[in-house]
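Contents: one structure, followed by commentary.
The values are calculated or read from the model by the stated rules, or taken from the named source; none is laboratory data. Computed from a predicted structure; not experimentally measured. Glycine gets a Cβ as well: all are built from the backbone with ideal geometry, and neighbour counts include every protein chain shown.
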Amino acid sequence: MSKVIIKQVRSDIGRAPEVRRTIKALGLGRINKQREVPLNAATQGMIKKVEYLLEVRPAK
C-alpha cells in the first residue's frame, strides 16, 4: 500500500461542517500541518472531497 503526504494549505473557517469533520478525520486542522496517510479507498475519498484545501504529494 502506498502512502501520500497531505498538507493543509487553506483554512476550513466558514466551510460546511461536513468539510470540517473530514479535515479533522484526516488528522489536520491548521494551515501548514501535514500528515502521512495510507492511500486506500477511504482516504482517497476524503482527500477528493477537500482537495481544494490540501496539497498532496507522494511519500518517499
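The set of residues in segment 41-53 being touching a Leu at 6+ places or on another chain (Cβ under 8 Å) and closer than 13 Å to Lys7 by Cα consists of Ile47, Val50. Search segment 50-60 for residues being without any contact (Cβ under 8 Å) to a residue 40 or more places away in the chain and within 9 Å of the chain's Cα centre (by Cα), and hand back the single one that is nearest to Pro17 (Cα to Cα). Ranking the candidates gives Val50 first. For segment 16-31, the set of residues classified as touching a residue at least 12 places away in the same chain (Cβ under 8 Å) and either of a type in the set (Phe, Trp, Tyr) or not in a helix (DSSP H, G or I) (or both) consists of Leu26, Leu28, Gly29, Arg30, Ile31, listed by residue number. Lys60 meets all of the listed conditions (1) of a type outside the set (Phe, Trp, Tyr); (2) surrounded by 13 or more Cβ atoms within 10 Å (Cβ to Cβ); (3) at pLDDT below 95 but one, namely (2). On inspection, Lys3 does not qualify as at pLDDT 95 or above and under 10 Å from the mean Cα position of the chain (by Cα).
Any chance segment 35-45 includes a residue that's more than 20 Å from Ala59 (Cβ to Cβ) and not polar (S, T, N, Q)? No, segment 35-45 contains no residue that is more than 20 Å from Ala59 (Cβ to Cβ) and not polar (S, T, N, Q).
Residue selection: Lys7 fails the criterion of being part of a helix (DSSP H, G or I) and surrounded by 11 or more Cβ atoms within 10 Å (Cβ to Cβ).
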